[in-house]
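Participant: Submitted below is the structure of interest, expressed as structure tokens.
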Amino acid sequence: SDLRGLFVRGGSPDQNLILFHHATVFNASHIYGFLSVFTTESLKKMDIYKSYIPVQYGGRLSSVLNIEPNFGNTETWKGDYSISFITQKFHIEGPLKKEKTSFNFSIRDCHAGFFTEPIATKQYKRNGENGTLKYFFYDINAAIQHHINDKNTLSWSLYTGSDFFTFG
């Protein structure tokens, strides 16, 4: 696990268990711990266990971070788009079938490489060398939930993402 900055009771990051919808997450950050791989719109709830770790999580020395996805709104549609200096993000959620089926989808990308490449190339040339520095990443978070009846629910979630770093 690569959650830099998450140190619980003096433990190291590899002593933490990070779960997203019951699946283990490795490398849960971008830009060397600066940004999380999860957007705030994709999260519903986070529980951290740091002193008493329930037996179902087993064998962790430091902590367990259990993250539940946001399955969307079953009543109304909502969404947003934002762009900043280094990232842009799109989010939409709503009912597929009112009060029964909902979904949540968000996508984010980092376009810092568009700025770092020309600056780094200029610096390299100033030192008489040929080189570049580029960094990009993307994240996709999605979740769907269907209420079959009062006792049964089907749910599905997805996280995918990647970092692209060029230094040469």
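The values are calculated or read from the model by the stated rules, or taken from the named source; none is laboratory data. These numbers were taken from a predicted model, which means no experiment stands behind them. Positions of Cβ are backbone-derived with ideal geometry, glycine not excepted, and every protein chain shown enters the neighbour counts. What goes into the accessible areas is simple: the full protein's heavy atoms, side chains included, and nothing from ligands, DNA or RNA. Shrake-Rupley method; radii C 1.70, N 1.55, O 1.52, S 1.80 Å.
Participant: What is the angle, in °, between the Cα long axis of helix 113-126 and the longest principal axis of the Cα atoms in the chain? Nearest 10 is fine, range 0 to 90.
Facilitator: Computed tilt is about 20 degrees.
Participant: I've got another one for you. Need the full-extension length gain, Thr76 to Lys45, defined as separation in residues times 0.36 nm minus the C-alpha distance. One decimal, nm.
Facilitator: Answer, rounded to one decimal: 9.1 nm.
Participant: Taking the alpha-carbon distance from Lys134 and a cut-off under 13 Å, which aspartates and glutamates remain once sequence neighbours fewer than 8 residues away in the same chain are dropped?
Facilitator: Cα-Cα hits under 13 Å: Glu117, Asp163.
Participant: How high is the FRET efficiency between Tyr52 and His22 when r is their beta carbon distance and R₀ equals 22 Å, given to the nearest 0.05?
Facilitator: On the way: r = 20 Å, r/R0 = 0.89.
Computed FRET efficiency for Tyr52 and His22: 0.65.
Participant: Helix-only estimate, please: 222 nm mean residue ellipticity of the chain, summing -39500 (n - 2.57) across DSSP H runs of length 4 or more and dividing by its residues, to the nearest 500.
Facilitator: So the helix-based figure for the chain works out to -2500 deg cm²/dmol.
Participant: On a straight-distance basis, which aspartates and glutamates could pair with Lys97 in a cross-link, Cα separation under 18 angstrom, same-chain partners fewer than 8 positions away excluded?
Facilitator: The qualifying aspartates and glutamates are Glu75, Asp150.
Participant: How much of the accessible area of the chain, probe 1.4 Å, is carbon plus sulfur, in whole percent?
Facilitator: Ligands and nucleic acids excluded, carbon and sulfur reach 58 percent.
Participant: Find out how many positive minus negative residues lie around Asp150, taking Lys and Arg as positive, Asp and Glu as negative, among other residues whose Cβ is under 15 Å from that of Asp150.
Facilitator: After counting each charged neighbour, the total is +1.
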